[in-house]
Amino acid sequence: MTTAPHFTSAASLPTQSTYQSRVAEYWNAEENPVNLELGKIDDLYHHHYGIGPADNSVLDEPDPTRRNDRITAELHRLEHAQANCLADHLGPLTATDRAFDAGCGRGGGSVVAHLRYGCQTDGVTISAKQADFANAQAAKRGIDGQVRYHHRNMLDTGLPTGAFGASWNNESTMYVELELLFAEHARLLRRGGRYVVITGCYNDSYGRASREVSLINAHYICDIHPRSEYFRAMARNRLVPVHVEDLTEAALPYWELRKQADHLVTGIEDTFLTAYKNGSFQYLMIVADRV
Ligand code: GPP
Ligand code: MG
């Protein structure tokens, strides 16, 4: 006969969940030309999409090599416009301010913020390979004293409390629980600090997540949240929205052009276009103050 123990022992937990390990594996292995070929142009490596009107005349370029190069450059310009849009909403920051980039990927967003404001930045990514790549890029630019990347979990960064004037997630919230994420941003931001998120979310007024949203989740191993969850989790974590912008319309030209870039497509292009057009999915920016 077995008897129940008189105490419950602490469960032995891995430092990283199975899910987190799979996400890290994805990003450690990821070498999509749509990210690397665009980044090579000016050493700004982004892991987000683009916004704004596209110059579709690049598709009419008769020389095939030049056509590919022009399409690549145009997509990069649109991604850079998205990074600039996020950076516009972080300020005003000065050289003495620190900013936190949650889910920094290969580091482009932190460089954009540093070049704009002169601020110091700390980026975290769950991928050791991305953090090493981003630090090497910062060293190459000679800004590694001010722009740092860490191989850490964005929910538990170990960075100092109240030390940051601004923080952001650029298309990285779909990998984590929003309550835990916003608690960490609220801890890191000083009172009056600014938080910005650009994200894809599913549209509550449409209903539950659509088939397209599920396909996007499977493609990136992520878990897209409903729009409502952002506002609920912010309200519970001292983050008060000051500006909300639906960027869905502005995101369409990027995907229409990317779809026609045979040398860069990953296969997810039509799914994004369908999801945006059928109303089940939105590309949203929320700007909030830490109160
Ligand atoms: C962009 O990264 C995409 C994500 C980080 C995850 C999903 C985002 C949503 C808005 C749902 P990327 O630039 O590495 O993607 P890709 O390789 O497709 O360009
Ligand atoms: Mg990309």
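Would a scan of region 133-145 turn up a residue that is within 29 Å of Asp55 (Cβ to Cβ) and within 14 Å of the chain's Cα centre (by Cα)?
No: region 133-145 contains no residue that is within 29 Å of Asp55 (Cβ to Cβ) and within 14 Å of the chain's Cα centre (by Cα).
Determine which member of the set Leu38, Leu59 is surrounded by 13 or more Cβ atoms within 10 Å (Cβ to Cβ) and more than 12 Å from ligand 1 (Cβ to nearest atom).
Just one listed residue meets the conditions, Leu59.
Go over the candidates Leu90, Leu155, Leu115 one by one and state the one that is under 23 Å from Arg191 (Cβ atoms) and either without any contact (Cβ under 8 Å) to a residue 40 or more places away in the chain or under 14 Å from the mean Cα position of the chain (by Cα) (or both).
The match here is Leu155.
Looking only at region 86-104, which residues are outside any loop (DSSP other than H, G, I, E, B) and farther than 18 Å from Thr157 by Cα? Talk me through it step by step, then tell me what you get.
Taking region 86-104 first, the residues outside any loop (DSSP other than H, G, I, E, B) are 86-88, 98-102.
The answer is Leu86, Ala87, Asp88.
Mind listing whichever residues of region 201-224 are under 23 Å from Ala29 (Cα atoms) and not in a helix (DSSP H, G or I)?
Listed by number, the residues that qualify are Ile221, Cys222, Asp223, Ile224.
For Gln120, are the conditions met, namely being over 19 Å from Arg290 (Cβ atoms) and either touching a residue at least 24 places away in the same chain (Cβ under 8 Å) or acidic (Asp, Glu) (or both)?
Judged against the criteria, Gln120 is not a match.
Keeping to region 41-58, report how many residues are more than 21 Å from Ala87 (Cα to Cα) and out of contact with any helix residue (DSSP H, G or I) (no Cβ under 7 Å at 6 or more places or on another chain).
Of the residues in that region, 1 qualify.
Out of Ala113, Ala83, Ala54, report the one residue that is part of a helix (DSSP H, G or I) and away from ligand 2 (no atom under 14 Å from the Cβ). Reasoning before the result, please.
Details: Ala83 fails: away from ligand 2 (no atom under 14 Å from the Cβ); Ala54 fails: part of a helix (DSSP H, G or I).
Exactly one residue qualifies, and that residue is Ala113.
Computed from the coordinates by the stated procedures, all read-outs in this text should not be read as laboratory data. Remember, predicted model here, so these are calculated numbers, not experimental data. Ideal geometry is used to build each Cβ from the backbone, glycine not excepted, and the neighbour counts take in all protein chains shown.
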